[in-house]
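> First the structure, which I've put down as structure tokens, then a few questions once you've had a look.
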Amino acid sequence: QYSPAYDKSINMHLNYVTADNQFVIKNLKNEIDKTQPFHKAPNLFNILYLIDALLETQNIPEAETWLQKIKEEPANELHKSYLTLRKQSFYNLKFQKSHNLKDLAKLIDESKKLVNSYKKHGESIVNDHYALAIYKSNNIFLEALHESYDGTNISKHELLNHLNDIKSLYNKVSDSRSVLGNKKPNDKELQKINYLKHEIEKRELEVGRYLDTNYQDLSVFEDLYFLHKELYDLKQTLPEITEEEAMFNDQNLNLSDIDQQTQIIDFIQSDSSLFLSRITSDDIKLIKLDKEKTLAAIKEKINGSKDLTYNFEPDYLDNLFSDFLSPDHPQISFIPDGKFFEFPIELIQSKDGSYLVDHYTISYASQISEAINQETELLDDELFTASYSSSETLKKGGEKSVPELMFGLNEVMSINELYTNSSSYSGFEFTEEKIQSALDKDIVHISSHSSSSTKNPLDNYILVRDEEGKEQPVYGFSLKVMDWDSKLVILSSCESGTGTLKPGAGIFSLSRDFLQSGAETVIKSLWKVNDQSTSKLMLHFHQNLKSGMTASQALQNAKISMKAQEEYTHPFYWAGFILEGNPYLKFDPDSISF
């Protein structure tokens, strides 16, 4: 936020977290001025850091003594959350030592307070430090929920809403436009905020690239400072959301709202544990996984999916899912985390060697509330297609830094024939300006090159052509300032669903940039795909969609059709494309025509 007060606090914190705990304890005790109120800065921060150090050394009695000394809670809401985080850590350590149910109850109570605090402030402070704080506190909360639910001390309804809160907070922090917190801008102010965030992210990308060069022009840092300051000043003028509005917007989920055909599978990865929950309209099952075995099996399958010589056979992970999934619920909505962001669960095999895709219709969601609230929605026969290549670019000779996509062009041409109302651009026509014309189309299909960086979340892009016909990246932060109103976006390109993984914030991918900018559903890829097989898969998908299948059914059957062909049996050719968002998009049967 470029606030001097926060800079001072962060510097103070860094001095302590990099020091020896015994030094910190001794130094802080000397610094705390007992003549000043404990609940006000800087003594509040001194005590909080002291409690951190005491908990690190597992000195529970003295940590409790200092917690009791802060008799009056801070007036600042954000400072309250700092204090609550220490209380949560304290009761967590105390419960681990005592296994006393009273300590567990207090741990859950403090965790609830912390979640409510993060709900209020999680969107106003978007940075890695805050995301890690949420990640740490959510991990503790999840362990407590597992202990409590296993002991029948918490209801299914409570567990459902707590599990949703955990991923909901991750999504708020991961949306780089979420800088509003409890502020309520009008349309003009929101437009200005989005513009400032776009300019900030554009310069932050430049900084990331220039760090590895001898770049001498420091004006980009000056630009960043004033852009941040302008954004900060604008936020201070905005009215706050009232408590009544906040309560109205807070979702209260019920198991009975889940479609009876659906099972929601929620995976959560923390530093120490892995959890898997199965949620249906009448039950929740929560289990703790063997972390070492599970991650090793995921890694092997991911590597195998990209190796055409790898022979898939049922293993530990397959047996785990076979026993965990409910065969009575044929629709799976999967909510990934950690390593599962790179892994399509369609690769999971049943005990007979068949794949999940043979038995279940699968879609992906970012949180439980999203999976619950999906309903059938009808598509208009209105299509936007774009191909990086055209007959003209394919004929043009010369050295090219990016290869042409001949099969991508064939793919788009074949898909266009299925629709009566399509706008199509290829080769030199496919520019950033043309992307703007896709914003209000129900279905957007783009065949091009794309990339989602595993190191820099701002370096996600899809390639178009510039005025000279050369490749030009359109970055995710540019897509996010566009007002997308599309129901279905198909990214027929490489690695559009991979990206930078940050604990407490999730995956920063090109596909998420589309979703956060307003697109309802995205079909994305998890690895470098084959141009020819992708072309065939996508044509199968659109044919299925036009025949009346839902989007998830259309993709499922396209995959089954592909793997039935001898040359495309290996999962590399069909498993990499997954659907995130609403699986129930479909055409009105009465309007279908070919």
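> List every residue pair whose Cβ atoms lie under 7 Å apart, where the two residues are 6 or more positions apart in sequence or sit on different chains, the first residue falls within region 555-575 and is farther than 22 Å from Val522 by Cβ, and the second residue, located anywhere, is in a helix (DSSP H, G or I) and open to solvent by 20 Å² or more (accessible area, probe 1.4 Å).
Sorted first by the residue in region 555-575, then by its partner, the pairs are Thr569/Lys563.
> State which residue is nearest to the chain's Cα centre (by Cα) when the search covers only region 508-530 and only residues that are more than 21 Å from Leu585 (Cβ to Cβ) and open to solvent by 10 Å² or more (accessible area, probe 1.4 Å).
My answer is Phe508.
> Restricting attention to region 311-347, which residues are without any contact (Cβ under 8 Å) to a residue 60 or more places away in the chain and in contact with a Pro (Cβ under 9 Å, 6 or more places away or on another chain)?
Within region 311-347, Ser322 is the sole residue that qualifies.
> Based on this model, can you work out whether Lys288 counts as touching a strand residue (DSSP E or B) at 6+ places or on another chain (Cβ under 7 Å) and closer than 23 Å to Ile332 by Cα?
Yes: the conditions hold for Lys288.
> Looking at (1) out of contact with any Phe, Trp or Tyr (no Cβ under 9 Å at 6 or more places or on another chain); (2) surrounded by fewer than 19 Cβ atoms within 10 Å (Cβ to Cβ); (3) of a type in the set (S, T, N, Q); (4) in contact (Cβ under 8 Å) with a residue 12 or more places away in the chain, which is the only condition Ser354 fails?
Among (1) out of contact with any Phe, Trp or Tyr (no Cβ under 9 Å at 6 or more places or on another chain); (2) surrounded by fewer than 19 Cβ atoms within 10 Å (Cβ to Cβ); (3) of a type in the set (S, T, N, Q); (4) in contact (Cβ under 8 Å) with a residue 12 or more places away in the chain, Ser354 violates only (4).
> Among the residues in region 493-502, are any part of a strand (DSSP E or B), modelled with pLDDT under 95 and surrounded by 24 or more Cβ atoms within 10 Å (Cβ to Cβ)?
Yes, there is a match, as at least one residue in region 493-502 is part of a strand (DSSP E or B), modelled with pLDDT under 95 and surrounded by 24 or more Cβ atoms within 10 Å (Cβ to Cβ).
> Of the residues Ser453, Ser437, only one is buried (at least 20 other Cβ atoms within 10 Å of the Cβ), modelled with pLDDT under 95 and more than 12 Å from Tyr388 (Cβ to Cβ); which?
Every option except Ser453 fails the conditions.
> Do you know which residues across region 532-580 are of a type in the set (Val, Ile, Thr) and not in a helix (DSSP H, G or I)?
Thr550, Thr569, Ile578
> I need a count of the residues in region 323-358 that are of a type in the set (Gly, Ala, Ser) and under 26 Å from the mean Cα position of the chain (by Cα).
Of the residues in that region, 3 qualify.
> Among (1) over 20 Å from Lys563 (Cβ atoms); (2) in contact with a helix residue (DSSP H, G or I) (Cβ under 6 Å, 6 or more places away or on another chain); (3) not in a loop (DSSP other than H, G, I, E, B), there is one condition Ile302 misses while meeting the rest; what is its number?
Looking at each condition in turn, Ile302 falls short on (1).
> If you go through region 33-58, how many residues are more than 15 Å from Lys71 (Cβ to Cβ), β-branched (Val, Ile, Thr) and touching a residue at least 12 places away in the same chain (Cβ under 8 Å)?
So the count comes out to 1.
> Output the residues belonging to region 536-562 that are charged (D, E, K, R), farther than 17 Å from Ser354 by Cα and open to solvent by less than 50 Å² (accessible area, probe 1.4 Å).
Residues of region 536-562 charged (D, E, K, R): 536, 546, 559.
Next, only the ones that are farther than 17 Å from Ser354 by Cα stay: 536, 546.
Selection gives Lys546 alone.
The values are calculated or read from the model by the stated rules, or taken from the named source; none is laboratory data. Source: prediction; values computed, not measured. Every residue, glycine among them, receives a Cβ derived from its backbone with ideal geometry; neighbour counts consider all protein chains shown. These accessible areas exclude ligands, DNA and RNA; they are computed on the full protein's heavy atoms, side chains included. Shrake-Rupley method; radii C 1.70, N 1.55, O 1.52, S 1.80 Å.
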